[in-house]
Amino acid sequence: MSEPLRVTPVSESPNQFTYIYNLGINGLFTLAFSVPGVTRDSVVMVSMCELDGQTGAPFIGDATMTVHNVAPDDGQVHVRGEVNWDSALSVRMHFLVS
C-alpha cells in the first residue's frame with residue numbers, strides 16, 4: 001500500500017473530530033487515510049457523496065456509492081468502498097471520529 005492520503009480538518013472538539021478528503025475515483029477501492037488523533041480504539045464513521053464538477057457542491061447523482069468497511073489504526077483509517085460508475089467521479093469522503 002502506498003502513503004496514506006491526508007484528510008482536511010473541518011471542525012474539532014475535545015472528543016470528536018471531523019475531516020474531509022476529496023478525490024476522483026470509481027470502482028472498488030481500498031485506501032488508507034492519514035487522520036490525526038485516530039487510534040485503534042477510535043470510533044470512525046465514513047460517508048461518501050458526489051461533488052459537482054463546477055461548483056464542488058455535494059449532490060446525489062445517478063452513481064451508487066457504498067462504504068463497505070472502515071478500520072481505524074494509529075493515525076490512519078482504512079476504507080474499503082465502491083463508486084459504481086464507468087469513469088472517475090469527484091467524490092467527498094467525510095470522516096467523523098470519536
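The values are calculated or read from the model by the stated rules, or taken from the named source; none is laboratory data. For clarity, every value in this text was computed on a predicted model and none was experimentally measured. Heads up, the Cβs are rebuilt from the backbone with ideal geometry, glycines too, and the neighbour counts pull from every protein chain shown. Side chains included, ligands, DNA and RNA excluded: accessible areas come from the protein's heavy atoms. Shrake-Rupley method; radii C 1.70, N 1.55, O 1.52, S 1.80 Å.
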Checked pairs for segment 38-49, first touching a residue at least 60 places away in the same chain (Cβ under 8 Å), second assigned to a loop (DSSP other than H, G, I, E, B), C-beta under 8 Å and 6 or more apart or across chains, list as none
Qualifying residues in segment 48-97 (those that are open to solvent by 80 Å² or more (accessible area, probe 1.4 Å) and not in a strand (DSSP E or B)) - the one farthest from Asn26 (Cα to Cα): Asp74
Of all residues in segment 6-35 being β-branched (Val, Ile, Thr) and at pLDDT 90 or above, the one that is surrounded by the most Cβ atoms within 10 Å (Cβ to Cβ): Val35
If we scan segment 55-66, do we find a residue that is within 14 Å of Pro4 (Cβ to Cβ) and β-branched (Val, Ile, Thr)? no
Kindly list, by first and then second residue, each pair from a residue in segment 62-76 that is under 22 Å from Pro36 (Cα atoms) to a residue that is of a type in the set (S, T, N, Q) and open to solvent by 50 Å² or more (accessible area, probe 1.4 Å), limited to pairs with Cβ atoms under 7 Å and residues at least 6 apart or on different chains. Val67/Ser47; Pro72/Thr39; Asp74/Thr39
Within segment 36-46, considering residues that are open to solvent by less than 60 Å² (accessible area, probe 1.4 Å) and assigned to a strand (DSSP E or B), the one nearest to Val77 (Cα to Cα): Val44
